[in-house]
Amino acid sequence: MLQKMTKVQVVGPKTDLQTVVDILYHTGTVHLEDISKTITPGDTILRRLEMVKGGETATLLAKIGGIILALPKTKGDAGEQVRLGEDLQRKNPEELTSRANQLIDQLESTTRDLATKKSDLELNLGSLSRYEKIIEKIQPLESQLPVLEGFEVTVLLVQKEFREVLEYIQAALREITKNQFELISADVDATTLATVLIFNKRYSEQVHSFIFSQNVNEVRLPSEYMGKPFHEILTLIGERRKEAGKEIAAIDEHLQNLATTWYQELIVLQRILEDRNAELSVFSKFGQTEYTFVIMGWVPKKYVQKTKKALADTFGARVIVNEIDVPADKMNAAPTFYDNPWFVKPFESLIQLISPPKYREVDPSPLIALFFPIFFGLMVGDIAYGLIILAFATVVKRKYRMYEWLQYLMNILAISSIPSIFFGFLFGEFFGNFGEMMGWIHPMTFLGITWNRIDAMIPLLILAIAIGVFHVFLGLSIGVLNALTKGDRHHVCDKCGMIIAITGLLVTIVAMTGIIPGILVNLGIVLILVGVPLIVYGGGFFGVFEIMSTVGNILSYARIMAIGMASVVLALVANTLGGSMDVLIVGILIAAMLHILNIILAMFSPFLHSFRLHAVEFHSKFFEGGGTLYSPFKKSMEGKNE
């Protein structure tokens with residue numbers, strides 16, 4: 001339900017501003033307003049607070065983040081972090097900055113050098129492993145290589161499918177080296193051809209430039225390995241790998257020692273600086289006089305005392321929280337805060353997809369939480385499908401806890417699966433007519449009607465239209481309530497006129513069909529004649545065309561019957577086709593595949609159509625939107641400013 005909002009003004013000495021902002025940030029109740037909206041032009045007493053520079057804090061955060069990234073991952077010590085946090089929170093901004101700079105001066109250079117050296121060693125190890133692997137593959141060719149002074153050896157790796165490129169390379173090298181080269185090739189695996197190239201060193205630059213221009217994979221050994229036999233190179237590589245491994249182990253040990261000593265404090269300091277950085281971003285919204293600061297914002301009425309107490313516990317009467325009276329016609333500027341039960345919360349996200357509601361508008365969330373599952377259940381209407389949708393939503397919720405939007409979506413599916421199971425009992429459906437075929441369940445008889453969806457199409461259509469009439473009339477009634485709250489008599493007349501005119505039209509149609517006494521046709525016409533002038537007064541002459549639009553909205557609810565009928569027909573096809581197969585396993589597979597398809601459609605199509613009935617047919621009768629959601633200045637679950 002809608003929570004009443006109170007506009008507040010926080011005033012105190014400028015020397016306490018940072019601490020006040022800290023308290024408001026951690027209390028998390030104040031929706032901040034930009035003070036410039038309340039400063040009148042030419043005001044020399046109250047002015048906007050000069051922008052506090054946050055560049056230094058951002059720089060400190062970047063440097064501390066780099067140090068933490070260089071250190072090995074360390075398990076957090078909750079108790080130690082709480083103790084360190086209490087110590088650091090007591091420091092003023094200058095002391096906190098000084099401590100951060102001390103740690104950076106002590107650790108940044110060391111961790112950066114160690115991390116760079118480790119990265120270079122790991123890169124070198126990767127290269128050595130690559131050289132070792134290739135040399136092992138081409139070592140059998142060593143016996144074919146001539147021993148010549150003044151010649152260079154390089155290795156080319158070519159995919160076998162492109163081996164014809166070697167003929168082109170050979171022709172080009174013959175010209176470049178004046179025929180002073182040798183090529184020896186051999187298969188090294190199923191897809192790669194290794195070619196050892198020996199050429200006169202005087203042509204080294206031209207040869208390597210040519211090979212590079214051809215995008216051929218060339219393996220050039222480091223200079224210390226050049227001219228040595230392959231078996232000796234392999235020995236040297238093995239020795240270097242051992243040395244590099246020892247160096248990396250020593251670096252890891254050094255980094256681990258640093259992490260053991262400093263990691264907890266660095267994490268806490270990073271968290272506090274992130275909070276301070278988030279706080280600095282809102283300083284431009286505050287006002288100031290010569291000696292005081294002024295903060296304006298909105299607080300839910302039930303949190304006002306909590307906010308006052310949080311500041312009074314620290315400052316006593318030095319910082320004052322004033323409650324400001326706002327005229328009723330100005331309350332539309334207040335942020336909207338709907339505090340609903342847990343089962344309504346997921347449906348709030350659907351409302352916000354359209355537009356946040358304005359303050360003082362009737363909260364549509366409980367209504368969509370009531371009707372959406374009913375519409376969904378009527379369209380699905382199958383016990384087995386409902387149980388599977390419930391199981392699917394539960395599994396996804398547990399597996400993907402980190403995605404808030406997905407949690408809301410799965411909660412909506414889980415809640416909507418319950419009416420699906422209920423209507424499944426009413427319609428006697430378990431995988432379509434499979435439950436009835438097995439004698440497990442049968443359609444119930446209610447109001448003299450046996451609710452088998454195949455046989456009860458007309459009653460279901462009438463039920464869907466009746467739901468549409470009720471839902472649209474409910475929307476129009478809420479529209480009247482919203483208009484009365486705002487004191488808008490034109491909208492009151494428009495909505496009341498629409499209710500009267502549509503009622504008259506329905507009475508006229510039903511009376512003409514003979515369902516009710518024909519004499520009531522006159523009553524229907526009178527109601528239309530009364531309603532139309534009210535519509536014209538409230539919405540102009542074009543408002544009359546809204547009558548047919550509203551009738552179209554009501555008829556649109558026939559989709560509840562149509563979507564449900566499509567689902568039950570597909571289930572019937574699955575059972576009939578599966579049962580007609582001579583081979584049992586084939587029949588089961590065919591039926592299962594069609595039912596799986598139907599369940600997937602049952603999760604998407606009824607969801608979208610239920611949402612559409614609310615977003616288009618229902619909300620258009622009363623919902624304005626365009627409001628501002630209550631977004632308090634606080635620390636979110638992720639530790640960042642919301």
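The values are calculated or read from the model by the stated rules, or taken from the named source; none is laboratory data. Being a predicted model, the structure only gives us computed values, none of them experimental. Quick reminder, even Gly has a Cβ in these numbers, built from the backbone with ideal geometry, and neighbours come from all protein chains shown.
For the reader, a short list of remarks on this structure follows.
- Residue in segment 625-637 that is outside the structural domain of Phe371 (by TED's automatic domain parsing), of a type in the set (A, V, I, L, M) and under 23 Å from the mean Cα position of the chain (by Cα) present: yes
- Ile389 part of a helix (DSSP H, G or I), aliphatic (A, V, I, L, M) and surrounded by 22 or more Cβ atoms within 10 Å (Cβ to Cβ): yes
- Of the helices (runs of 4 or more DSSP H) lying entirely inside segment 399-506, the ones with 3 or more residues being buried (at least 20 other Cβ atoms within 10 Å of the Cβ) are found at 404-427, 457-486.
- Segment 1-19 - residue that is closer than 18 Å to Thr289 by Cα and at pLDDT 90 or above and, of those, surrounded by the fewest Cβ atoms within 10 Å (Cβ to Cβ): Pro13
- Scanning segment 309-325 for residues that are closer than 13 Å to Pro13 by Cβ and not β-branched (Val, Ile, Thr) yields a count of 5.
- Residue among Val299, Val268, Val304 that is among the β-branched types (Val, Ile, Thr), at negative phi, touching a residue at least 60 places away in the same chain (Cβ under 8 Å) and not in a helix (DSSP H, G or I): Val299
- Test result for Lys309, at negative phi, out of contact with any strand residue (DSSP E or B) (no Cβ under 6 Å at 6 or more places or on another chain) and not in a loop (DSSP other than H, G, I, E, B): yes
- Once segment 266-296 is narrowed to residues that are charged (D, E, K, R) and crowded, with 18+ Cβ neighbours inside 10 Å, the residue that is nearest to Ser98 (Cα to Cα) is Arg276.
- Of the criteria (1) in contact with a Phe, Trp or Tyr (Cβ under 9 Å, 6 or more places away or on another chain); (2) at pLDDT below 80; (3) assigned by TED's automatic domain parsing to the domain that holds Ile134, which one Lys228 fails: (1)
- Members of segment 153-185 that are under 17 Å from His208 (Cβ atoms) and of a type in the set (Ser, Thr, Tyr): Thr154, Tyr168, Thr177
- Some residue of segment 53-63 being of a type in the set (A, V, I, L, M), modelled with pLDDT under 85 and surrounded by fewer than 17 Cβ atoms within 10 Å (Cβ to Cβ): yes
- Condition met for Arg612 (among the charged types (D, E, K, R), in a helix (DSSP H, G or I) and crowded, with 17+ Cβ neighbours inside 10 Å): no
- Failed item in (1) modelled with pLDDT of 90 or more; (2) closer than 30 Å to Cys493 by Cα, with Val573 passing the rest: (2)
- Of all the criteria given as (1) at pLDDT 85 or above; (2) in contact with a Gly (Cβ under 9 Å, 6 or more places away or on another chain), the one not satisfied by Leu49 is (1).
- A search for C-beta distances below 6 Å between a residue of segment 598-612 that is in contact (Cβ under 8 Å) with a residue 12 or more places away in the chain and any residue that is surrounded by fewer than 19 Cβ atoms within 10 Å (Cβ to Cβ), counting only pairs 6+ apart in sequence or on different chains, returns Asn598/Leu570.
- When Asn598 is tested against the conditions (1) at pLDDT below 90; (2) assigned to a helix (DSSP H, G or I), the lone failure is (1).
- Check on Ser143, surrounded by fewer than 13 Cβ atoms within 10 Å (Cβ to Cβ), modelled with pLDDT under 85 and within 29 Å of Ala244 (Cβ to Cβ): no
- Residues in segment 556-595 that are in contact with a Gly (Cβ under 7 Å, 6 or more places away or on another chain), in a helix (DSSP H, G or I) and surrounded by fewer than 16 Cβ atoms within 10 Å (Cβ to Cβ): Gly579, Ile588.
- One residue alone among Ile467, Ile458, Ile441 is modelled with pLDDT of 90 or more, assigned by TED's automatic domain parsing to the domain that holds Leu390 and farther than 29 Å from Asn553 by Cβ, and that residue is Ile441.
- Condition check for Ser365: buried (at least 21 other Cβ atoms within 10 Å of the Cβ), among the polar types (S, T, N, Q) and modelled with pLDDT under 95: yes
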